[in-house]
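Taking it in order: structure first as structure tokens, then the write-up.
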Amino acid sequence: MELPKFATHYYLPEIGPFRSLSELSAGSEDPVFLDLLTRHERDPGYRRRYGRNYIAVRREVEARLRELFIARGGKPRRRHPFYLVLGESPWFRDLNADHRELRISFSELDPEVTSLTFPDSFVALTRDDKPYYNQVFLLSEIDELVARFGVPENDQLVPYERYWETEFELYIEVQLWDVPPMNDV
């Protein structure tokens, strides 16, 4: 398999690209989060699920992610990253029937503000039973990362219902710790 040379950011059109739930001032009580928390009950095309304490846990994970990135020489310019996936992820895209996507070439990403985890950072930094967990990788290490661990399958067989109970190794996550390199965002 040829290594993708881009990352994809998925977003809901009514919210817009490059937003962070971690930045919601009211946290888990924010109307935006409360709407997303129950949206699957009203919208059958919305398959994403959040726990009530998602934002608090996400903020803890991001604080650790940021610390690990800085320890590796990263220079984040934001407190909370924006999330993308290596290449594309049909599984992630189809979490929501209305998902939109933006692709950014790796050549446009600043290595000082770009980190990676294998797989999703939430999984990678809350478990310790795989050799790539509890690690943050640099953009310059992507070839080595893929050579060592491969590229996760975008397994369409992983069901959306209760997906959080699976191994959840469906993509390599890319974290962007600065504003995206796009003029229209």
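The values are calculated or read from the model by the stated rules, or taken from the named source; none is laboratory data. Not measured: the values here are computed from a predicted model. Counting neighbours? That spans all protein chains shown, and the Cβs are built from the backbone with ideal geometry, glycine included. Surface accessibility is based on the protein's heavy atoms, side chains included, excluding ligands, DNA and RNA. Shrake-Rupley method; radii C 1.70, N 1.55, O 1.52, S 1.80 Å.
Remark: the chain carries a charge dipole of roughly 440 debye about the Cα centre, counting +1 on each Lys and Arg Cβ and -1 on each Asp and Glu Cβ. Sorted largest first, the spans of the alpha carbon positions of the chain along the three principal axes are 43, 36, 34 Å. Counting protein heavy atoms only, the chain has 49 percent of its accessible area on carbon and sulfur, 1.4 angstrom probe.
The three principal axes of the Cα atoms in region 64-130 give end-to-end lengths of 37, 33, 19 Å, sorted in falling order. Residues whose amide H falls under 5 Å from that of Gln135, counting only those 5 or more places apart or on a different chain, are absent, with hydrogens built in the peptide plane. At q = 0.12, 0.19, 0.23 Å⁻¹ the log10 of I(q)/I(0) for region 10-93 amounts to -0.43, -1.03, -1.33, computed by Debye summation with a single uniform scatterer per C-alpha, solvent ignored.
Per residue, how large is the accessible surface of region 1-128? Use a 1.4 angstrom probe and give square angstrom.
Per-residue value: 49 Å².
Inter-part distance, region 76-113 to region 1-56, computed on C-alpha centroids, equals 13 Å.
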